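Let me begin by presenting the structure, written as structure tokens, before commenting on it.
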Amino acid sequence: MQEDYQFDLENYMSREKFERIKNFAKDKETPCLIIDLDVIKQKYDELRTNMPFAKVYYAVKANPIDEVVSLLHKLGSHFDVATRFELDQLLRLGVSPEKMSFGNTIKKERDIAYFYSKGVTLFATDSFEDIEKIARAAPRSRVFFRILTEGLGADWPLSRKFGSYPEMTRQLILHAKDLGLEPYGISFHVGSQQRDIGQWSTALTTVAGIFNWAEDHGVTLKMINMGGGFPAHYNDPTYPITQYTKDIYEYLISNFGETLPEIIIEPGRSIAGDSGVIVTEIVNIAKKTTHDLFHWVFLDIGKFGGLIETLDEAIKYPIYFERTGPSIDIVLAGPTCDSMDILYEKYRYEMPAGTKIGERVYILSTGAYTQSYSSIYFNGFPPLKAYILPQ
Ligand SMILES: *Cc1c(COP(=O)(O)O)cnc(C)c1O
């Protein structure tokens with residue numbers, strides 16, 4: 001006899017909030033994503049309260065829904081913008097260009113020119129070629145130099161795609177200055193859903209070294225952009241955000257003394273993640289052999305419908321089944337005809353044994369990197385529909 005199914009919903013949201021979400025979704029087709037703006041506000045306020053010295057540049061890509069962006073704009077947030085499409089959206093929503101940075105190091109020269117023409121003058125960079133584009137297309141702008149981090153300890157590492165090693169960064173600083181740009185600061189991203197707080201210590205010590213070197217070479221850097229990496233609440237535990245902010249503050253003070261340079265953070269996941277619930281339906285429950293060790297449970301959402309961060313089972317979403325009683329081990333998979341559309345096979349989820357085909361299942365903490373990642377009509381499935389939970 002297996003143990004009873006256990007899932008502490010209250011660990012993620014109040015029972016009252018869950019009932020509101022469930023009732024609101026009742027007449028909606030699944031799969032759908034329900035976004036609770038109260039959580040966005042709470043996460044933003046929490047960061048501002050615990051890091052009052054840092055400017056928040058919300059990473060738009062995490063959840064670009066108009067209502068989310070507008071709320072953050074109203075709360076005073078700045079924005080980390082990655083493309084001219086995001087720029088157009090923010091302008092349409094009334095965000096002023098002074099509150100934006102073009103944070104993507106991979107950009108076409110004509111897009112840099114477009115940002116500049118709209119009034120954006122803060123650009124990320126990590127290569128000579130990119131600096132030359134910026135110097136031509138956005139003369140005299142401020143640039144910050146992204147350093148490479150390895151992403152160790154992160155559930156969704158950003159690998160070596162972005163940034164340069166300090167030796168190269170030092171050359172870039174001088175080159176930018178030579179081309180009439182303003183070398184403004186240094187940025188890094190320790191990897192998304194970073195569960196090892198010490199990664200900020202390593203990065204900040206590297207940044208301090210570059211600040212000192214630059215000063216010795218006649219360039220006073222003014223800003224540190226500490227990127228994202230702050231956690232949302234998934235199955236794998238993290239320290240609370242207050243531990244992150246406290247430790248990071250200590251790393252800052254120990255590297256830069258009491259008078260800190262301008263500090264920027266670019267949270268995406270930690271602001272949007274916990275605000276979302278995906279409501280999905282069980283399409284099928286099957287066994288591959290009479291005495292299979294586990295059941296295959298097929299949901300009407302999978303990797304292509306918005307859960308791509310289950311690649312390599314990297315992000316383990318909390319999944320809530322409503323029944324009680326004995327639990328069974330399951331493999332969870334999506335509805336498409338692609339065989340990679342399996343959500344969790346190694347990491348063993350459990351489901352109440354009495355669960356039936358056609359019942360609804362709730363995937364929690366899915367407010368970040370879901371709808372914006374969902375595919376367009378693969379197998380004919382429409383992109384993930386999102387709704388704002390009415391107040
Ligand atoms: C995606 C991204 C972020 C957001 O990271 P999270 O881990 O989701 O907070 C911040 N900065 C940059 C440059 C990014 O590309």
Within region 186-198, is there a residue that is of a type outside the set (D, E, K, R), open to solvent by less than 60 Å² (accessible area, probe 1.4 Å) and farther than 30 Å from I315 by Cα? no
Pairs returned, first residue in region 199-227 that is open to solvent by less than 40 Å² (accessible area, probe 1.4 Å), second residue that is among the basic types (K, R) and more than 16 Å from the ligand (Cβ to nearest atom), beta-carbon separation under 7 angstrom, 6 or more apart or interchain, are I210/R170; V219/K177
Taking region 1-60 and keeping only residues that are under 18 Å from the mean Cα position of the chain (by Cα), part of a helix (DSSP H, G or I) and of a type in the set (K, R), one is left with K41, K43, R48
Every listed condition ((1) open to solvent by less than 10 Å² (accessible area, probe 1.4 Å); (2) among the hydrophobic types (A, V, I, L, M, F, W, C); (3) in a helix (DSSP H, G or I); (4) away from the ligand (no atom under 15 Å from the Cβ)) holds for L72 save (4)
When region 272-286 is checked residue by residue, the ones that are away from the ligand (no atom under 16 Å from the Cβ) and not hydrophobic (A, V, I, L, M, F, W, C) are T280, E281, N284
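Looking at F115, F128, F144, F123, which is the one that is out of contact with any Phe, Trp or Tyr (no Cβ under 6 Å at 6 or more places or on another chain) and either closer than 11 Å to A176 by Cβ or within 16 Å of the ligand (Cβ to nearest atom) (or both)? Before the answer, list the steps.
Details: F115 fails: out of contact with any Phe, Trp or Tyr (no Cβ under 6 Å at 6 or more places or on another chain); F144 fails: out of contact with any Phe, Trp or Tyr (no Cβ under 6 Å at 6 or more places or on another chain); F123 fails: out of contact with any Phe, Trp or Tyr (no Cβ under 6 Å at 6 or more places or on another chain).
Testing whether each residue is out of contact with any Phe, Trp or Tyr (no Cβ under 6 Å at 6 or more places or on another chain) and either closer than 11 Å to A176 by Cβ or within 16 Å of the ligand (Cβ to nearest atom) (or both) leaves just F128.
Which strands (runs of 3 or more DSSP E) sit wholly inside region 318-391 and have at least 3 residues that are farther than 23 Å from F294 by Cβ?
385-388
For (1) out of contact with any strand residue (DSSP E or B) (no Cβ under 7 Å at 6 or more places or on another chain); (2) closer than 30 Å to D312 by Cα; (3) open to solvent by less than 30 Å² (accessible area, probe 1.4 Å), each residue gets a yes or a no:
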site: I106; (1), (2), (3): yes, yes, no
site: E109; (1), (2), (3): yes, no, no
site: Y114; (1), (2), (3): yes, no, no
site: P139; (1), (2), (3): yes, no, no
site: V143; (1), (2), (3): no, no, yes
site: G153; (1), (2), (3): no, yes, no
Of the listed residues (I253, I263, I278), the one being surrounded by fewer than 24 Cβ atoms within 10 Å (Cβ to Cβ) and closer than 21 Å to Q193 by Cα is I263
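For H291, are the conditions met, namely being within 16 Å of the ligand (Cβ to nearest atom), closer than 30 Å to Q2 by Cβ and either assigned to a loop (DSSP other than H, G, I, E, B) or free of Cβ contacts under 8 Å to residues at least 60 places away in the same chain (or both)?
Details: within 16 Å of the ligand (Cβ to nearest atom): no; closer than 30 Å to Q2 by Cβ: yes; either assigned to a loop (DSSP other than H, G, I, E, B) or free of Cβ contacts under 8 Å to residues at least 60 places away in the same chain (or both): yes.
Judged against the criteria, H291 is not a match.
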Exercise. Would you confirm whether any residue within region 166-176 is touching a His at 6+ places or on another chain (Cβ under 7 Å), buried (at least 22 other Cβ atoms within 10 Å of the Cβ) and within 21 Å of I263 (Cβ to Cβ)?
Key: no
Exception for I131 within (1) open to solvent by 20 Å² or more (accessible area, probe 1.4 Å); (2) in contact (Cβ under 8 Å) with a residue 12 or more places away in the chain; (3) not small (G, A, S) falls at (1)
E98 passes all but one of the listed conditions (1) open to solvent by 50 Å² or more (accessible area, probe 1.4 Å); (2) within 16 Å of the ligand (Cβ to nearest atom); (3) over 16 Å from the mean Cα position of the chain (by Cα); the exception is number (2)
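Here are R92, R142: which of them is touching an Asp or Glu at 6+ places or on another chain (Cβ under 6 Å) and either under 30 Å from L37 (Cα atoms) or touching a residue at least 24 places away in the same chain (Cβ under 8 Å) (or both)?
On the way: R92 fails: touching an Asp or Glu at 6+ places or on another chain (Cβ under 6 Å).
That would be R142, the only listed residue that is touching an Asp or Glu at 6+ places or on another chain (Cβ under 6 Å) and either under 30 Å from L37 (Cα atoms) or touching a residue at least 24 places away in the same chain (Cβ under 8 Å) (or both).
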Checked pairs for region 26-47, first open to solvent by less than 50 Å² (accessible area, probe 1.4 Å), second basic (K, R), C-beta under 8 Å and 6 or more apart or across chains, list as K28/K385; T30/R360; P31/K385; C32/K385; L33/K385; D36/K17
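The values are calculated or read from the model by the stated rules, or taken from the named source; none is laboratory data. Owing to the predicted nature of the structure, the values given are computational and were not obtained by experimental measurement. Cβ sites come from the backbone with ideal geometry, for glycine too, and all protein chains shown count toward neighbours. Calculation scope for accessible area: heavy atoms of the full protein, side chains included, ligands and nucleic acids excluded. Shrake-Rupley method; radii C 1.70, N 1.55, O 1.52, S 1.80 Å.
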